[in-house]
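Take a look at the structure below.
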Amino acid sequence: MTQTISSKAFYNMIVPLIKDVGAYQRSRYSKAIKVEFKGDINLVTEVDKKSEALLVSAIQKQYPDHDILAEEGTGTRKDSQYKWIIDPLDGTTNFAHNYPLFAISVALEFKGEILAGAVYDPLHDEFFRAFKGHGAYLNDKPIKVSMVGQLSKALLVTGFAYNVKKSQDNNLCHFNNMIFRSQAVRRDGVAAIDLCYVACGRYDGFWELNLYPWDTAAGILIAAEAGAKISCFNGSTYSIYERDLLVSNNKIHKEMIRVLKMGKLPMKM
Ligand code: IPD
Ligand code: CA
Ligand code: CA
C-alpha cells in the first residue's frame, strides 16, 4: 500500500518554497512587467510563468514520480496517485494593475482527494494552510468560519470568469439576487483568497461559476478544515473538476442555495 505524505513532510517542503516564490512576486509587484493575453480579458504575466517554473521544478526535484497540474501548462503526467495542483499567481488581473491582492495556491491530491493545501498572500504575509483532518491555520493560528446565521447579515464574495462577456451563464443574475438579500457582496478577483477569507470568517459565503481545479483545490480544503460547508450550487457534492462552487459558514448555506436556484435567467448586456 502506498504511504501518504505526512503533514510534516508537506509543510517542510511547501512553506519555504511558497514563501520564496512570494518574495519573488513581492519584488516584481508594481514594476514594469511583460503581459500577454490568453484571451480578450485573460492575462498572463512573466511573473505567473516564472513563479510556476520555480514551483514545478522544486516539486519535480523532490517528487519526480508525482503528477503536476499547473495553470500555465508546465505540469507533467506520470499516472501517479499523487497530483500537485498549482495556481502560481491567483489574481493575475490584480497583479497586472497593481491592485494589492493576489496569492500562490498549491494543493496535493492523493487518490482523487485533496490531502493538503497552502495559499500565500505575499503582500500581506498571510499564509493559510490545511492538512486533511488536522484543521486550518492562518500564520500558525487555528481558524474557523464565522457564526453569522442569516443571509441578510452576511458579507459575501463572488467572482466572474473570463467568459463573462460571452457566456449566458455569466453569474450576473446570481450577483443581482444576492446583492438584494445579503448585507453586501464583494468581488476581490482571487478565488483562492475568497475561500481562505470564508475559512477565517472575514466572509460568510462565496459562490462562483467556471472555476478551475487550480483556483479551488487548496482553498476548499482550508475552508472545509475551518468548518465551511462546500457544495455545488444545487447542494450536490462538489469536486474541483466541477464548474459551480458554493462555500459558506454552513449556517447560511440553505439560504444561499435557495437564492442560487432563483437565478436561471441570464442578464442581457
Ligand atoms: C482568476 C481568479 C478570479 C476568478 C477567475 C479566475 P487567475 O484566476 O481566481 O478570482 O474570478 O475566475 O480565473 O486567472 O487570476 O489565476
Ligand atoms: Ca486562478
Ligand atoms: Ca493564475
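Taken together, Ala191, Ala228 contain a single residue that is within 16 Å of ligand 1 (Cβ to nearest atom) and modelled with pLDDT of 95 or more, which is Ala191.
Residues in region 1-37 that are under 18 Å from His97 (Cβ atoms) and in contact (Cβ under 8 Å) with a residue 40 or more places away in the chain: Gln25, Arg26, Tyr29, Ser30, Ile33, Val35.
Quick grid of which residues meet (1) touching a helix residue (DSSP H, G or I) at 6+ places or on another chain (Cβ under 7 Å); (2) away from ligand 3 (no atom under 16 Å from the Cβ); (3) in the same structural domain as His134 (by TED's automatic domain parsing):
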{"site": "Tyr203", "(1), (2), (3)": "yes, yes, no"}
{"site": "Trp207", "(1), (2), (3)": "yes, yes, no"}
{"site": "Ala228", "(1), (2), (3)": "yes, yes, no"}
{"site": "Cys232", "(1), (2), (3)": "no, yes, no"}
{"site": "Ile240", "(1), (2), (3)": "yes, no, no"}
{"site": "Arg243", "(1), (2), (3)": "no, yes, no"}
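Remark: pairs (first residue in region 71-86, within 17 Å of Gly117 (Cα to Cα); second residue acidic (Asp, Glu) and part of a loop (DSSP other than H, G, I, E, B); Cβ separation under 7 Å; 6+ apart in sequence or on different chains) = Ile86/Glu71.
Do we find that Lys251 is part of a helix (DSSP H, G or I) and more than 16 Å from ligand 2 (Cβ to nearest atom) in this structure?
On the way: part of a helix (DSSP H, G or I): no; more than 16 Å from ligand 2 (Cβ to nearest atom): yes.
Criteria not met by Lys251.
Just to confirm my filter: which strands (runs of 3 or more DSSP E) fall fully inside region 142-235 and include at least 3 residues that are within 14 Å of Ile252 (Cβ to Cβ), touching a strand residue (DSSP E or B) at 6+ places or on another chain (Cβ under 8 Å) and in contact (Cβ under 8 Å) with a residue 24 or more places away in the chain?
Details: elements: 155-158, 184-186, 205-209, 229-231.
Fully inside region 142-235 and qualifying: 155-158, 205-209.
Counting the residues of region 137-196 that are among the aromatic types (Phe, Trp, Tyr), crowded, with 17+ Cβ neighbours inside 10 Å and within 22 Å of Arg243 (Cα to Cα) gives 2.
Could you list, in sequence order, all residues of region 118-141 that are of a type in the set (Phe, Trp, Tyr) and closer than 16 Å to Ala23 by Cβ? Steps first, please.
Initial filter on region 118-141 (of a type in the set (Phe, Trp, Tyr)): 120, 127-128, 131, 137.
Tyr120, Phe127 - these are the residues of region 118-141 that are of a type in the set (Phe, Trp, Tyr) and closer than 16 Å to Ala23 by Cβ.
Determine, yes or no, whether Leu115 is at pLDDT 95 or above, assigned to a strand (DSSP E or B), touching an Asp or Glu at 6+ places or on another chain (Cβ under 7 Å) and more than 16 Å from Trp207 (Cα to Cα). Spelling it out, Leu115 is indeed at pLDDT 95 or above, assigned to a strand (DSSP E or B), touching an Asp or Glu at 6+ places or on another chain (Cβ under 7 Å) and more than 16 Å from Trp207 (Cα to Cα).
The values are calculated or read from the model by the stated rules, or taken from the named source; none is laboratory data. Given the structure is predicted, the values throughout are model-derived calculations rather than measurements. Neighbour counts are summed over all protein chains in view; Cβ atoms, including those assigned to glycine, are modelled from backbone coordinates with ideal geometry.
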